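Please treat every number below as a calculation from the coordinates, not as lab data. No experiment lies behind these values; they were computed from the predicted model shown. Ideal geometry is used to build each Cβ from the backbone, glycine not excepted, and the neighbour counts take in all protein chains shown.
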């Protein structure tokens, strides 16, 4: 691949005192010295997206609001995503669902990895996220990281992941890069 993939590490939670930035920083630590991709943090709390307010469905590609157009340009620039999501009430945060729902084509034929966290590791949020990503034609790699707020973070909220979590992170990132390269070639082969 001539140019490195561009991968967003998306912080899904927007609530105050959230663990998302700490978890995302831990993910970013694992991206150092990777040759196939560059990684960039994207914090949904800073995207200035209101509740979905477009008059047309995202699949129409008709974006009338400046914030939607800006979000579309941001998402379109990435080849792949790593979603860092907590589990809230057995699901993903509303901010993440809203950000996904604003767009359609900009997500298509890309790949995602998931780093989920919660008292039980965030498994249910990951499963819910996979359903939405599937509808947006985003391929989700099987390898994911599930972090326990009890076992992988200390009482202050700082990361203290169990020993095997770094290997899981490495495996997930490698899969995202491998699939991201394949999906980029797929997107490039589609006639305009």
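Here are a few things to note about the model shown:
- Listing 41, 5, 129 from fewest to most neighbouring C-beta atoms within 10 Å gives 41, 5, 129.
- The label point for residue 53 and the one for residue 156, both projected 7 Å from the Cα toward the Cβ, are 4.0 nm apart.
- Reciprocal of mean inverse Cα separation for the chain (Kirkwood radius, Å): 16.8 Å
- Estimated FRET transfer efficiency (residue 28, residue 97; beta-carbon r; R0 25 Å; 0.05): 0.60
- Fluctuation leader among 77, 158, 66 - the chain, Gaussian network, Cα springs under 10 angstrom: 66
- Approximate spin-label separation residue 2-residue 190, in nm, with each point projected 7 Å along Cα-to-Cβ: 2.1 nm
- Of 127, 87, 17, the sequence from fewest to most neighbouring Cβ atoms within 10 angstrom is 17, 127, 87.
- Placing a label point 7 Å from the Cα of residue 36 along the Cα-to-Cβ line, the residues of the stretch 98-113 whose backbone N sits under 19 Å from it are 109-113.
- Extension reserve of the residue 74-residue 127 stretch, reckoned as 0.36 nm per residue once the Cα distance is removed: 16.6 nm
- Counting only DSSP H runs of at least 4 residues, each contributing -39500 (n - 2.57), and dividing by the residue count of the chain, the helix-based mean residue ellipticity at 222 nm comes to -11000 deg cm²/dmol.
- For the pair the stretch 98-133 / the stretch 67-84, the C-alpha centres are spaced 13 Å from each other.
- Separation of the stretch 162-192 and the stretch 12-37, taken as the distance between their Cα centroids, equals 16 angstrom.
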